[in-house]
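Participant: If you scroll down you'll find the structure; I have some questions about it.
The values are calculated or read from the model by the stated rules, or taken from the named source; none is laboratory data. Computed from a predicted model, the values in this text were never measured in an experiment. Using ideal geometry, Cβ is built from the backbone for each residue, glycine included, and neighbour counts are taken over all protein chains shown. Note: areas computed on protein heavy atoms with side chains; ligands, DNA, RNA excluded. Shrake-Rupley method; radii C 1.70, N 1.55, O 1.52, S 1.80 Å.
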Amino acid sequence: MKKNIFCLDSDVILLTGGAGLLGSQYTEVLLESGATVVVFDINAESLNTLENRFSNMYKNKIFTYKVDITKESDILNAKDEIFNKINKYPNVLINNAAIDPKFDNSSNINKSRLENFSIDQWNLEISVGLTGAMLCSKIFGIEMAKNNKGVIINVSSDLGVIAPDQRLYKKENLSDFEQDVKPVTYSVIKHGIIGLTKYIASYWADKGVRCNAFAPGGVFNNHSKDFLDKIEELIPMKRMANIDEYNATIIYLCSEASSYMNGAILNMDGGRTII
Ligand SMILES: NC(=O)c1ccc[n+]([C@@H]2O[C@H](COP(=O)([O-])OP(=O)(O)OC[C@H]3O[C@@H](n4cnc5c(N)ncnc54)[C@H](O)[C@@H]3O)[C@@H](O)[C@H]2O)c1
């Protein structure tokens, strides 16, 4: 075992959705822990910002690729590019990318509601949150299995364990059928990714590949007072997470510190899912 079991300096970590809110936090803390970080994201502008922020301080340690993880050909092309550049494949994969659906108030039909939910929106969100995670696991997991060593982390949510409490999104003066809701896709994806985790955790366990799900609670991101008042009542710790409070957990899950953890769902939500 390594002297510092949290050290990641021999690891190449692929992070999907790494240019987003939490992904950029994870990128920073993984770089600080010595990892080589490969970021896939569909948003070229955010990727550029990320690369500019870290490439000077962490020379030849951060590689960003504009990849749509719903497209197998995009992932395979990037896989070849990674190998050509660093002569190895990632030994850790964090399936973090997701579509964060915004409430759309542009029409009087509320599209977030189950009774109005379109098949196109369903397909789009599932294709990123589930299909994309499966494709990345398949394409990079096979290399980990051949190498007899690897870690896959699937990012779920507290809402991968419990149902959303739709009262959180409720507004005064709207009828029940006009109220915004957390969409059905969120629950299905975040529960589904736990199924993917258990599948992979048993599938490649004898090939040295561990797979765990991380189920974080909501992160404070300038939410309205009304929302905060309501959600704090649902969380025993009476607050949302701070943006950096998941960083150490990500290091733990990627590193040898979690060497006997496989197929677990790691909840970290201020206690929301216990009540
Ligand atoms: N922020 C929270 O409060 C919270 C709480 C629980 C779970 N989560 C989960 O954590 C993860 C990160 O959340 P976040 O808040 O940073 O979200 P985010 O929306 O800021 O980041 C997601 C990233 O995924 C990228 N992405 C979307 N579609 C893609 C595609 N087809 N190919 C490649 N990249 C794509 C986006 O461009 C974005 O940069 C998500 O899985 C989310 O569901 C977040």
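Participant: Roll a 1.4 Å probe over the protein heavy atoms and report the accessible area of residue 251 in Å², nearest 10.
Facilitator: 10
Participant: Further, regarding this structure: Regarding region 26-77, what are the three Cα extents along the principal axes, ordered largest first, in Å?
Facilitator: Its Cα atoms span 31, 20, 17 Å along the three principal axes.
Participant: Shape call for region 165-271 from the C-alpha gyration tensor, a ≥ b ≥ c root eigenvalues: rounded (a/c under 1.5), prolate (a/b greater than b/c) or oblate?
Facilitator: Verdict is oblate for region 165-271.
Participant: If you don't mind, another one. Count the lysine pairs in region 100-215 that are 8 or more places apart or on different chains: how many have C-alpha atoms under 21 angstrom apart?
Facilitator: Qualifying lysine pairs in region 100-215: 23.
Participant: Further question on the same structure: In whole Å, how far is the Cα centre of region 63-80 from that of region 213-246?
Facilitator: The distance from the Cα centre of region 63-80 to that of region 213-246 comes to 32 Å.
Participant: Still on this structure: Could you pull out every residue, at least 5 positions away or on a different chain, whose amide H is within less than 5 Å of the one on residue 266? Hs are placed 1.01 Å off N in the peptide plane, and Pro or chain starts have none.
Facilitator: Answer set, sorted by chain and number: 213, 214, 215.
Participant: Next up: Label points 7 Å out from Cα along the Cβ direction at residue 119 and residue 56: separation in nm?
Facilitator: A separation of 5.2 nm, rounded to one decimal place.
Participant: Taking only Cα atoms, what is the 0 to 90° angle, nearest 10, from helix 21-32's long axis to the longest principal axis of the chain?
Facilitator: 20
Participant: Take the Cα atoms of the chain, build their convex hull, and give its volume per residue in Å³.
Facilitator: Spread over its residues, the Cα hull of the chain gives 137 Å³ apiece.
Participant: How far, in degrees from 0 to 90, does helix 72-86 lean away from the longest principal axis of the Cα atoms of the chain, to the nearest 10?
Facilitator: So the helix axis and the longest Cα principal axis differ by about 40 degrees.
Participant: Please work out the Cα center distance from region 109-123 to region 87-105, rounded to the nearest Å.
Facilitator: Result: 22 Å between the Cα centres.
Participant: Using alpha-carbon pairs under 8 Å, 6+ residues apart, how would you state the relative contact order of the chain in percent?
Facilitator: 19
Participant: Taking the simple approach of a point 7 Å from Cα along Cα-to-Cβ for both residue 149 and residue 83, what is their distance in nm?
Facilitator: 1.9
Participant: Taking residue 71 as the anchor, which aspartates and glutamates have their alpha carbon closer than 13 Å to its alpha carbon, excluding any fewer than eight residues away along the same chain?
Facilitator: Result set, ordered by chain and number: 41.
Participant: Along the Cα-to-C-beta direction of residue 230, a point sits 7 Å from the Cα; which residues of region 137-169 have their amide N less than 13 Å from that point?
Facilitator: 164-169
Participant: For residue 238 and residue 4, calculate 0.36 nm times their separation in residues minus their Cα-Cα distance, and state this gained length in nm to one decimal.
Facilitator: Value of the extension gain: 80.8 nm.
Participant: Calculate the tail of P(r) for region 214-262: the fraction of all Cα-Cα distances greater than 11 Å, expressed in %.
Facilitator: 73
Participant: Using the Cα centre of the chain as origin and beta-carbon charges of +1 (Lys, Arg) and -1 (Asp, Glu), tell me which of 19, 135, 164 is placed farthest towards the positive end of the dipole.
Facilitator: 135
Participant: To test your reading of the geometry: what angle, between 0 and 90 degrees and rounded to tens, separates the Cα axis of helix 225-234 from the longest principal axis of the chain?
Facilitator: Helix 225-234 and the main axis of the chain meet at about 70 degrees.
Participant: What is the distance, in nm, between label points placed 7 Å from the Cα along the Cα-to-Cβ direction at residue 73 and at residue 138?
Facilitator: Computed distance between label sites residue 73 and residue 138 equals 1.6 nm.
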